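The values are calculated or read from the model by the stated rules, or taken from the named source; none is laboratory data. In this text the structure is predicted, and so the values were computed from the model without any measurement. In this analysis, Cβ positions are derived from the backbone assuming ideal geometry, glycine residues included, and neighbour counts consider all displayed protein chains. Surface accessibility is based on the protein's heavy atoms, side chains included, excluding ligands, DNA and RNA. Shrake-Rupley method; radii C 1.70, N 1.55, O 1.52, S 1.80 Å.
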Amino acid sequence: MRARSIATATATALALVAARDLVQKKHALLRNYPLIGHARYLLETIGPELRQYIVTSNDEERPFSRDQRTWIYASAKGENNYFGFGTDNDIEHMQGHAYLKQRTFAAAPLPDAHDPQAPLPSAKVLGGPRGRAKAFRPASVVNISAMSFGSLSGAAITALNKGAALAGTMQNTGEGGLSPYHRNGGDLILQIGTAYFGCRNEDGSFNIDKLKDVVAGAPVKAIEIKLSQGAKPGLGGMLPGSKVTPEIAEIRGIPLGKDCASPSRHTAFNDVDSMLDFVELLATETGLPVGIKSAVGEMGFWQELATLMARGDRGVDFVTIDGGEGGTGAAPLIFSDSVSLPFRMGFSRVYGTFAELGLTDDLTFIASGKLGLPENAAVAFALGADMINVAREAMLSIGCIQSQKCHTDKCPTGVATQNPRLARGLDPTSKSTRAAVYLRTLRKELMKVSAAVGVPHPALITPADIEIMNGDYEARTLAGVYGYKDGWGELGPQLTEEITALLATKPTSA
């Protein structure tokens, strides 16, 4: 009797759905194929998950392949992150793959490449060449990239900040302002975007006094002026009023419940010359190193910046170069796919612009854009990067499954959402440990790779140490591929001596 009642209720429900499908006019498929047509929308909804786990091979899927995600997950959990039976890449015919050339002998003693606690500081003092009052040597060459509270949940920001503290790295706040979730022990790089969130007047203009208040009340180690982002360069964001909660309104300094549009460009300066004045104002008022973050498009900006810095009176302390393959919470498809150069091409052009004028030892180069994998990171260091920032890889370490729903506020793991029910699933305490273990493991892998090349630090890997393969037909060094001249991508003798001595005398654990 009960079974019959269930069957009747089910049949009635299906009949009602079919009737609704037949009379609705929004979806032609459902109007022509009631009930059955819903299967198409179900498959479309779970398509990314099906491709991840069933359809694609280990190295096909993007942005991160199954092998790459497996390595990150295993590394974050402290599990075996090795792979067996050899590569499944088609190396005999693969074009564009990077290969490091190991050395039989090392020129100097190498630190313990297998110690996950071993420190790996930057080879350069951030702000040192320009004499900033609060110049410092970053304790880690791997740091967490800019991701705002609002784009990520409070639980995710908390987990990343606690993880940064455990691993001895820095976390970039992103342009959304410095939130309470950033105050869990990790050192910070404060990012200032075009809307000046957290340091703005009511009309959206910049307020230096508010910036000084923010810096004074948090462990801010440096300031980064965001000019553009790799996945959406030259595009201002829009935060709908419905998402401007009391908490976000207070953090960002914007009206509650009203739409907030971020301009596509800064109002505090309008050219390279006035930008450098702005940089020097921030550095003078706060004592902190100040740099810029940008994707790479036209090169006139970089050429003018290098020319003005060559005079020696003004300059940025660091440049963060973001590749077009970098991530974002939401962007128009054309911006994600077709605006700004990929990292390797963009970075090499910017580095070469400063190298032509002999300025590369005078500022720190920070690289971002899918560099949280050892191979990509090694290439970045060989091209001249001094540090790398990781974003999506850090998200993966705290539970992201690459569902690609960041723009919908429906992230199933609570990472990229403001939905309290979904964010509740992310435990900041346990996930912070995973973030820290991932960051340490990446550093350890970089030390292993450096040791294989015969150098004690990844910044000492040179463009001649890596070749780009064109199947089994030819191979060219990075220097040859990207037009580097002799000495480009390498530290100067004094910096090389300093970092070699530092690693030789520093304890093997921290």
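In this structure, residue 190 does not qualify as surrounded by fewer than 22 Cβ atoms within 10 Å (Cβ to Cβ), modelled with pLDDT of 90 or more, under 18 Å from the mean Cα position of the chain (by Cα) and under 30 Å from residue 342 (Cβ atoms). Within the stretch 88-102, which residues are open to solvent by 60 Å² or more (accessible area, probe 1.4 Å) and either among the aromatic types (Phe, Trp, Tyr) or modelled with pLDDT under 80 (or both)? Once the filter is applied, which keeps residues that are open to solvent by 60 Å² or more (accessible area, probe 1.4 Å) and either among the aromatic types (Phe, Trp, Tyr) or modelled with pLDDT under 80 (or both), the stretch 88-102 yields 88, 90, 91, 92, 93, 99. Evaluated against (1) part of a loop (DSSP other than H, G, I, E, B); (2) closer than 19 Å to residue 81 by Cα; (3) over 20 Å from the mean Cα position of the chain (by Cα); (4) not charged (D, E, K, R), residue 450 falls short on exactly one condition, (1). Got at least one residue in the stretch 379-391 being open to solvent by 40 Å² or more (accessible area, probe 1.4 Å) and either closer than 23 Å to residue 63 by Cβ or in a helix (DSSP H, G or I) (or both)? Checked the stretch 379-391: no residue is open to solvent by 40 Å² or more (accessible area, probe 1.4 Å) and either closer than 23 Å to residue 63 by Cβ or in a helix (DSSP H, G or I) (or both).
Please find, within the stretch 247-277, the residue that is most open to solvent (accessible area, probe 1.4 Å) out of those that are farther than 24 Å from residue 182 by Cα and of a type in the set (Lys, Arg). Taking the candidates together, the pick is 265. Put simply, of 358, 352 the only residue that is open to solvent by less than 20 Å² (accessible area, probe 1.4 Å), more than 20 Å from the chain's Cα centre (by Cα) and modelled with pLDDT of 95 or more is 352. Of 288, 305, 282, 276, all but one fail to be in contact (Cβ under 8 Å) with a residue 12 or more places away in the chain, over 20 Å from the mean Cα position of the chain (by Cα) and assigned to a loop (DSSP other than H, G, I, E, B); the exception is 288. Of the residues making up the stretch 2-39, those that are of a type in the set (A, V, I, L, M) and not in a helix (DSSP H, G or I) are 35, 36.
Looking across the stretch 453-475, the residues that are open to solvent by 30 Å² or more (accessible area, probe 1.4 Å) and either modelled with pLDDT of 95 or more or closer than 17 Å to residue 487 by Cα (or both) come down to 464, 467.
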